[in-house]
Each structure stands twice: as C-alpha cells, then as structure tokens.
Amino acid sequence: MDHTGALDALLHEERVFRPLPQIVIEANVTPQNLQAAQAKADTDALAYWEDAAHELDWFKKWDRVLDDSDAPFYKWFPGAKCNIVYNALDRHIETGNKNKLALIWEGEPGDQRKYTYYELYRAVNRFANALRSLGIGRGDHVVLYMPLLPETVISMLAVAKIGAVHSMVHGGYSAKVLRERISDVQARLVITADGFYRNGKIVNLKNVVDEALTSASTECVETCVVAHRVTVDVEMHEPRDLWYDDLVRRERPEAPTEVMNADDPLFVLYTSGTSGTPKGIVHSHGGYMVGVNRTMSWVFDIKPTDIFWCTADAGWITGHSYVIYGPLVTGTTTVMYEGSSLYPQADRLWDVVDRYGVTILYTAPTLIRMLMRYGPQYPKRKDLSTLRLLGTVGEPCNPEAWVWLYKYIGRSECPIMDTWWQTETGMLMISPLPISLLKPGSVNKPLPGIAADIVDAQGNAVPAGTTGYLILRRPWPGMMRDVLGDSARLRSDYWERIPGGVYFAGDLARRDQDGYIWIEGRADDVMNIAGHRIGTVDVENALTSHRFVSEAAVIPVPDKIKGEVAKAFVILTPGWEDHFENLDELLKALRLHVQNEIGPVAELRAIEPRKTLPRTPSGKIMRRILRAEELGLNPAEVTTLLPDD
Ligand code: WT7
C-alpha cells in the first residue's frame, strides 16, 4: 500500500472528538431522529427516500419511488414532474424567504453584490426569457465557461429553468478541452465572461472561448453570451457574440418554469476515469434535488439564519451541489468569493467569514494545508465566532490539517464534516452528522439510505482493518443518470467492475473496529491534485501528442499541500536535438504543451526522460512499478490496480 506522508499520519490517528451538548440538542437530526431514520432506511430504503422527496415541491408526484427495471440505469421518481429551479427560487417567493438574502457575492478587489431570493428570481427570469428569445429551449445543451460571478448562478438557473442542460467547464481548463466539451455536447450556446480577478490581476476568459470556437467541431455554437466583469479589450464577433447586459435589459422579470420529468437531464459535468476520454456525467432534476436537499439539511444542519459558504468553484460538482443548488433549494444564504484566498493576504477567507457572519464553512483540505503554513495569527485577527459548523471535501483530510481547522477556525467547538462523495454521486454519501463522534482523518459512516461497503475484487466484504474497494450496494437519488453519448461506460466503469451488481467508486478504503471509514486514495489510475480528479491517461495523451514524445507514463507523487501532483516519465523521439538547444528547453516546451492541452489544473512536478518504460507482457505500461521506484517501495506494496489490469 503506498500513501503520502499525510496518509501515513492518518493511520496512527486515534483521537475522538465529541460534539458539545448544545450542538446535539439543537441539531436538525438528533440521535433519536438518526436512529429512527437509520432503522427505516435499513428496512425500506425507498420509503426513507420517499420521505425525503416529500420535502420538495413537485408539479406531479411519482408513480413509484424507483424504477430499477433497466438497472444500472436507475430512474428515480418515475412519472413525477418537477423542476429544481422551482424549488431553488420560485417556491421561496411565495414564502417568508422572498426578501431573504439568497446570494452574497464578493469580488477579489472587494466589490460586493447581494441578491434577495426575489431579486435573484427576477434576474433568472430575465435571462431565461433572453435564452428563449435566442431559440434555446428544452433539451438544448449550453456550455458555461465562467468564473465565480452572480451571472454564473443566474445562467445556470436560467438554463435549467427553461429545461435546457448546462455543462460547466472550469476556467482552469484550456481552449482545447473547452472545444472538446462544446463539441461533445453539441452546444448551441456558450456563456462566458470577459474575464475575472485573480491575485490582483485580470485573467482574460473570452479569448480562450474565441480560440475554442475557431474549429469546425464547434460549429454547433450559434451564440456566445459574454458577462461583463473586467476592463479588458474584448473582440466581439458579430453576430455570434452578445453582451449579457444588452440581452437582459429589455426582458420581463417573469418567466414560466418548464415542467420537467424527474429524470430529464439537468446538467453534464465531465470527470476523468482510468481510460478513454473524460466522461460526461449526466444528472437529472428530480433525484438530484432530493439528494442535495436532504444532505444540506442533515449534514450541514441548515437553519433559517445561516450564512453558508462553500469555497468551491462553480465549475466542479461541489460548486453545483453546495454553492448553488443545495443552498438555494434549502432557502439558505450562499456566499461566493471570486478570487484567491491569499489576496491581498492570507487572511482573506477569515475576513469574509468575519464580515458576513458566515455560520457554516465548507472547504478543501488542500486550502487548509496552504493557509496553515502562514500561521494562526491570520485567523486570530478576525472574529470567527459566528461559525458553528465546518466541512471538508475532495481528498483525505490529514489529522494535522483537521486539528488546525478545528482549533484555529472552529474554536474547538465546531464539528467538522469530512464528506466523501463524487461527481457521479451528486450528493454527500459518507459523512458525519453534527451529532457524530469525530475521528480526524475519517469520513465517518455512510449517511442513512447509503449502502457503502468495502470489498475485495470478488465482491466479498473485507474484515475491519483491511483495505479494499469502496462500493455502494444500493442506488441513491442523487446518482448519475448516464454517461453522455456513451451509456456503455456506466456499466463497464462503475457497475460491472466488481461482481454483484454494485457501484464501484474507484477508491481504496478501510473500516476500523468502530465501523468508521478511512479513505486511502484512488484504486485506479486517477490522480487527486488539490482535490481535483485528473486522469493519468489524460496527461499521458497530452504528452504523447507532442511530436518529440513517443511514449509517456504519468504517476501521482505526494505533495505537502496539494496532496498529489503528477510526475511524467517519457521516451523521447529521436531528432529533438535539432529543434531544441538542450534537454531543459525541450522539457520546458513539453510542460507548456501540457498546459495548452489540458490547462493549469494538471500540475506537473517533473518530467523525466527514460530509455524504456516497464510494461506487462501484453504491452500495458506498469505505472505501479514506476510509483514503487519513486516512493522507494517494493512493487508488491503498491496496490492500485484492479483485477483486469
Ligand atoms: C474523488 C471524487 C465531490 C467532491 C469533490 C471531488 C476523492 C472526495 C473525499 C474525502 C477522501 C475524497 C475520492 C473520490 N474524495 N471526497 N472526504 N476524503 N477522498 O469530486 O472530482 O468527482 O472526485 O475525490 O477519491 O473518488 P470528484
């Protein structure tokens, strides 16, 4: 078993943290509720989820809770009619939430914008009308390439409101990736911004879109809407490009909400796997809204006065579920901050918490590890007394970072929810509740209704203390509905990897004697760089697309802050000497090439030229051997591979 230094420490962690009595008394889910819910979920999981569905508004209720006749293409709430945007906005206008703050947005330079539910509702309606006037409607695909702006929230909700499907591409991906996504979903519309602020500088986004739209594969795009954020020269290509502000100016603030089937697609989000191109994970309106609503109110314990801040970018699933949809569906106030956590200095997060009175902060271990290095004097300067609950996601939270967060941010009073889930699961799956006993580094136990287990390659549950594959035995409402354009991969990559018709998550994990789950990293060839999933294959393909790389193998190597970063081994194509002054120059060019192919998200620590790469008899590169060498381990100790690898 290989692991990072952080994970090493994790194996020896034995402390247990108890919630304060006040938290247990006031929690939405008390120990009694939890016991009853668990009992119900264990005897009749569908009845449990049906209760959860009753908390939302539907245009028409379901015929059945689950249709499993075409498993693993499970259909939740068949026969039901709904729209998640009705639940995120429309219904709040009829209630006491109408004038409550829905969104607090802060730009990096310090500018602010706030929207009540009513104001957000009207802004979404205006843009929904604009989209309809552009001919966009039910089932059309819209790509968003946007920073964290109010217009990003408005765009997503407006697209969903009219029954179209959004697909967000994170700003850290290159023009090439953006082009592939646009062409894969056959987007008719792209929404972007002129740019955004990061570390005191302007980052231009529109020029990346322009570059993406130069190819024949993106001819599907009829319109590009540009939100105005920064002062920068933007080339507007007529008649394709339109300013967001011009478009909404004359639109009415009322718009009908499209009546969708519960399993109609809501959005597509791409994520990397072991092989092939990244998969377009499809989520739908009904089950997804039930999943995010239940987890928001149970795990994040949402109360009417909360100010909820999830620091994720809207371009990841965490942003979709817990910056935008989850908070709005539960009628809470969501905070969004545009820029860097180090700007103008390392107290920006704490400053935002202080000024807006944030009560719940959901963030990533990689960010905690980075801010820890600046020392506790930064949080100490700010008033963090409004915080009552903390959360982390994306990668194992090493006990050192956990305890720092607990002590310096949470005053040793706020429980930390270390939440395990994935793009594919749509919603939190394994996580403590505010009332749980906490062990730093553990993701605690499966939430009620979630049948997680740890098994060997044959699907047999492994005993406590033994590492195995993390699987899910039963479907859950927030689950992916499909892989866009490649349904076969839903079976092959997830439901047919382990015998027994179970969902293979791709992670290694173990349970301790108390039944607590500890995630030990990926079981496949996927890296987790600063909490982001990057396929080793994707980086390898980027490298081999360079004329002077004939073969490449990429492995994750431990990094103190990012958890993992990539290291590449390459076999060079003869003749490069005629084009580059020396090896360093070539390696620099290769790095740049990877940046252009994928984008800054794929952080490369080093590129090492080799004469040969270790291979199986059938010719597959054995990354396992390279990892063992790199980490100074015996190859037998590196269990990363599945039986058929
Ligand atoms: C992978 C999913 C959905 C959250 C953002 C990432 C890893 C996620 C944890 C955690 C240890 C975690 C897993 C998982 N992961 N949360 N709390 N502890 N590992 O979403 O990009 O789909 O990645 O992130 O390896 O499979 P994603």
### Message
Of everything in the stretch 401-429, what is away from the ligand (no atom under 15 Å from the Cβ) and assigned to a helix (DSSP H, G or I)? Give them in sequence order.
### Response
Val403, Trp404, Tyr406, Lys407, Tyr408, Ile409
### Message
Looking at Pro440, Pro477, Pro448 in this structure, which one is open to solvent by less than 30 Å² (accessible area, probe 1.4 Å), under 30 Å from Pro379 (Cα atoms) and in a loop (DSSP other than H, G, I, E, B)?
### Response
Pro440
### Task
Output the number of the condition that Glu564 fails; it satisfies all remaining conditions of (1) charged (D, E, K, R); (2) surrounded by fewer than 21 Cβ atoms within 10 Å (Cβ to Cβ); (3) within 16 Å of the ligand (Cβ to nearest atom); (4) within 18 Å of Arg369 (Cβ to Cβ).
(2)
### Query
Can you name every residue in the stretch 398-437 that is open to solvent by 10 Å² or more (accessible area, probe 1.4 Å) and among the hydrophobic types (A, V, I, L, M, F, W, C)?
Val403, Trp404, Trp420, Trp421, Ile435, Leu437
### Selected residue [part of a loop (DSSP other than H, G, I, E, B) and either under 30 Å from Phe73 (Cβ atoms) or modelled with pLDDT of 95 or more (or both)] from Arg547, Arg491
Arg547
### Message
Scan the stretch 239-247 and tell me whether some residue there is modelled with pLDDT of 95 or more and part of a loop (DSSP other than H, G, I, E, B).
### Response
yes
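Rundown of residues vs (1) within 12 Å of the ligand (Cβ to nearest atom); (2) crowded, with 18+ Cβ neighbours inside 10 Å, yes/no style:
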{"site": "Ile498", "(1), (2)": "no, yes"}
{"site": "Gly501", "(1), (2)": "no, no"}
{"site": "Phe504", "(1), (2)": "yes, yes"}
{"site": "Ala509", "(1), (2)": "yes, yes"}
{"site": "Asp514", "(1), (2)": "no, no"}
{"site": "Gly521", "(1), (2)": "yes, yes"}
{"site": "Ile529", "(1), (2)": "yes, yes"}
{"site": "Ser550", "(1), (2)": "no, no"}
{"site": "Asp559", "(1), (2)": "no, yes"}
### the stretch 218-231, subset without any contact (Cβ under 8 Å) to a residue 40 or more places away in the chain and open to solvent by 50 Å² or more (accessible area, probe 1.4 Å), residue farthest from Asp184 (Cα to Cα)
Thr231
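The values are calculated or read from the model by the stated rules, or taken from the named source; none is laboratory data. No experiment lies behind these values; they were computed from the predicted model shown. Cβ atoms come from the backbone with ideal geometry, glycine included; neighbour counts cover every protein chain shown. These accessible areas exclude ligands, DNA and RNA; they are computed on the full protein's heavy atoms, side chains included. Shrake-Rupley method; radii C 1.70, N 1.55, O 1.52, S 1.80 Å.
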